[in-house]
1. Grab the other residues whose beta carbon is less than 10 angstrom from that of residue B:112, score K and R as +1, D and E as -1, and report the net.
2. Within 15 Å, Cβ to Cβ, of residue B:36, how many net charges do the neighbouring residues add up to if Lys/Arg are +1 and Asp/Glu are -1?
3. Rounded to the nearest whole Å³, what is the per residue volume of the convex hull around the Cα atoms of chain B?
4. Take chain A, connect every pair of alpha-carbon atoms lying under 10 Å apart with a spring to form a Gaussian network, then pick out the residue of A:67, A:98, A:58 with the largest mean-square fluctuation.
5. Determine the dipole magnitude for chain B: charges of +1 sit on the beta-carbon of Lys and Arg, -1 on that of Asp and Glu, nothing else is charged, the reference point is the Cα centre, and the result goes in debye to the nearest 20.
6. Please turn the phi angles of region B:49-60 into ³J(HN,Hα) values with the Karplus equation 6.51 cos²θ - 1.76 cosθ + 1.60 (θ = phi - 60°), one per residue in order, whole Hz, x for glycine and proline.
7. Starting from the exponent 0.38 and prefactor 2.2 Å, build the expected Rg for chain A from its residue count and divide its actual Cα Rg by it.
8. So which GluC sites (Glu not before Pro) in region B:22-117 pass both tests, a DSSP loop state and at most 16 other Cβ atoms within 10 Å of the Cβ?
Amino acid sequence: AQKVTQAQTEISVVEKEDVTLDCVYETRDTTYYLFWYKQPPSGELVFLIRRNSFDEQNEISGRYSWNFQKSTSSFNFTITASQVVDSAVYFCALSEPNFGNEKLTFGTGTRLTIIP
Amino acid sequence: DTAVSQTPKYLVTQMGNDKSIKCEQNLGHDTMYWYKQDSKKFLKIMFSYNNKELIINETVPNRFSPKSPDKAHLNLHINSLELGDSAVYFCASSQDFTGEIAKNIQYFGAGTRLSVL
């Protein structure tokens with residue numbers, strides 16, 4: 001069975017600090033996909049990134065970066081120079097390929113608060 | 001234009017009533033999903049449809065009946081609403097697997113907050 005653990009329930013940092021959100025996953029599949037979604041206070045779910053299990057390259061997109069390590073089954077998310085607009089609940093998720101019919105298994109989310 | 005749109009955004013109703021939530025996507029995707037987010041923010045899949053065919057049904061009570069009139073629409077009908085049905089319901093869609101590039105990114109609607117009194 002697939003499982004995603006986000007051990008950090010809530011994090012608060014002062015604006016401009018860097019912050020890392022942890023994600024640890026469990027799966028028996030050798031091929032799988034990892035995701036991060038953002039849920040701002042307005043409630044919608046916003047896709048941030050998808051990572052294929054065969055691609056362990058870290059990725060950077062502006063102030064966001066992701067560190068994927070298969071050896072520790074982790075897919076951590078770092079926000080550099082945080083801003084108030086980064087305040088949201090962040091979800092890590094896992095799916096196995098199923099020809100477009102994948103179900104996402106979500107972690108319980110990390111509520112990030114950026115203090116101005 | 002909104003890619004995945006749900007209506008209504010808020011739904012307040014009495015226990016025992018029947019209600020529907022509508023979802024439409026204009027992304028040309030083949031697969032649509034319903035997820036439930038409970039009061040603790042936990043997200044769990046309920047159903048998925050591919051080209052109007054039910055693919056995933058995750059042990060959801062049969063009071064919940066999804067209906068897909070075409071691949072751009074997936075509606076959720078709930079009979080005999082119970083207090084425990086209060087949650088935010090999210091619709092999502094993704095494109096079919098094509099060739100070597102899996103286009104399995106699920107894009108979500110804004111959610112429907114259902115409150116059962």
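Each reported figure results from applying straightforward, stated rules to the coordinates on display, with no laboratory input. Predicted model, so just to flag it, every value in this text is computed and none were measured. Note that each Cβ is placed from the backbone with ideal geometry, even for glycine, and that neighbours are counted across all protein chains shown.
1. Cβ neighbours under 10 Å give a net charge of +4.
2. +3
3. In chain B, the Cα convex hull volume per residue is 100 Å³.
4. Of A:67, A:98, A:58, the Gaussian network model singles out A:98 as fluctuating most.
5. Charge dipole of chain B: 360 debye, to the nearest 20.
6. 10, 10, 6, 6, 9, 5, 10, 10, 9, 9, 6, 8
7. 1.04
8. Qualifying residues, ordered by number: B:58, B:82, B:100.
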